[in-house]
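First the structure, in the form of structure tokens, and then the observations on it.
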Amino acid sequence: MQSDGCMTRKSKPKKRIEDPENPSWSAADFRRARAAREILPEIFGKAIARKMLRPRGRPKSTDPRTSISLRLPPDVLARWKATGPGWQTRMVAVLSRARQAR
């Protein structure tokens, strides 16, 4: 097959490789499947299953912060950053005290 003077080759269909340790699931397998929360306590016990099934990631805050965009003069930002790790938390504390003072 030629196109614009170049030879193009049709790609061969990829062979499906079956893994005997991880076979493809049939419709019957999906019907028999059970949720991890049902089966893990039977296999590992309730305490370990509870640890395995607990949510991952950062816990949800009871007092979430709001993301904003704030334009500050470079020297002001540099002074806050120079105070080291936690400078944003310290900035929030100063702003909160200023709000309470009014």
Let me confirm something: among 95, 77, 53, 72, which residue is within 30 Å of residue 40 (Cα to Cα), surrounded by 10 or more Cβ atoms within 10 Å (Cβ to Cβ) and of a type in the set (A, V, I, L, M, F, W, C)?
53
Which condition number does residue 56 fail, the rest of (1) basic (Lys, Arg); (2) part of a loop (DSSP other than H, G, I, E, B); (3) over 30 Å from residue 88 (Cβ atoms) being met?
(3)
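Readers should treat all values here as calculations from the given coordinates under stated rules, not as data from a laboratory. Please read these numbers as outputs of a predicted model, since none were measured by experiment. So basically every Cβ, Gly included, is an ideal-geometry build from the backbone, and we count neighbours across all protein chains shown.
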